[in-house]
């Protein structure tokens with residue numbers, strides 16, 4: 001049996017406990033998964049380190065949206081890297097692009113240097129790069145250890161052809177980790193087709209709000225987002241994914 005990494009993306013201490021207890025080997029720690037994840041707050045980082053006994057990698061993403069950052073956003077990212085390092089976070093998940101869709105080397109290099117040897121994952125900014133093979137080589141040169149990618153497709157299942165090509169091109173120099181739309185149902189085919197040994201999924205489910213009262217005329221954010229439900233890691237899905245990995 002191969003030694004697979006099962007990374008679960010979480011945005012709460014509750015989900016960290018569930019993921020760690022049901023077979024995850026690593027956590028990607030985010031704030032607000034509903035918008036794709038942003039840099040987690042200090043309190044959440046500390047809580048997850050207290051309640052989960054597996055490595056946690058924090059995403060460095062200052063806002064929702066694209067990955068072309070202003071000077072002030074870049075300064076914020078640098079400060080977040082330093083803060084995560086001081087909090088003894090196990091690794092970082094980050095990325096930045098130029099307007100024409102290439103890795104922003106001028107911004108990424110200082111972030112890598114500030115990480116001071118932490119494990120580094122290039123996040124799915126990779127999936128909107130204009131040349132994935134150029135980005136692969138640049139990520140290796142910068143010192144990243146992992147690339148999280150759907151194979152530049154809507155999900156990793158649809159992107160499995162490019163994922164396989166990237167893994168072959170990487171040739172062991174960097175870990176290519178399929179992510180986006182990965183479930184226990186398609187996990188086996190994704191891994192056997194691509195040859196990947198790490199996988200990333202949110203394994204999320206919905207739970208109702210604990211609130212028994214709500215003003216239907218008031219929204220804290222977009223009216224299109226249902227604020228009466230909360231995303232949480234599904235223990236059965238994590239367990240099922242772990243069971244699939246144990247058969248490979």
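Here, each number is a calculation from the coordinates, and none is a lab measurement. All values derive from a computational prediction rather than experimental measurement. Cβ placement follows ideal geometry from the backbone for every residue including glycine, while neighbour counts extend to all protein chains displayed.
A few notes on this one:
- Most to least packed among 213-226, 42-55 [average Cβ atoms within 10 Å]: 42-55, 213-226
- Between residue 211 and residue 64, the FRET efficiency estimated from the beta carbon spacing at R0 = 22 angstrom works out to 0.35.
- Normalised convex hull volume, region 1-95, alpha-carbon set, Å³ per residue: 102 Å³
- Taking every DSSP helix (H) stretch of at least 4 residues in the chain, weighting each as -39,500 (n - 2.57) and dividing the sum by the residue count yields a mean residue ellipticity at 222 nm of -10500 deg cm²/dmol.
- Gain on full extension, evaluated as 0.36 nm per residue between residue 142 and residue 236 minus their Cα-Cα distance, stands at 30.1 nm.
- Between the C-alpha center of region 95-134 and that of region 138-196 there is a gap of 16 Å.
- Note: region 13-152, Cα convex hull, 106 Å³ per residue.
- Using 0.36 nm per residue and subtracting the Cα-Cα separation, the extra length available between residue 226 and residue 32 on full extension is 68.5 nm.
- Full extension of the chain between residue 173 and residue 185 gives 1.4 nm of extra length, using 0.36 nm per residue less the Cα-Cα distance.
- Listed peptides 6-18, 139-151, 101-113 appear in the order 6-18, 139-151, 101-113 once ranked by packing, highest mean of other Cβ atoms within 10 Å at the front.
- Cα-only Debye scattering, region 112-199: base-10 log of I(q)/I(0) at q = 0.11 Å⁻¹: -0.27
- Within region 1-126, antiparallel bridges make up roughly 10 percent of the DSSP beta bridges whose residues both belong there.
- Residue order for 39, 192, fewest other beta carbons within 10 angstrom first, comes to 192, 39.
- Mean-position separation - Cα centroids, region 202-222 and region 1-76, in angstrom: 21 Å
- Förster radius 41 Å - calculated FRET efficiency between residue 197 and residue 100, Cβ distance, rounded to 0.05: 0.80
- For the chain, DSSP calls about 20 percent of its internal beta bridges antiparallel.
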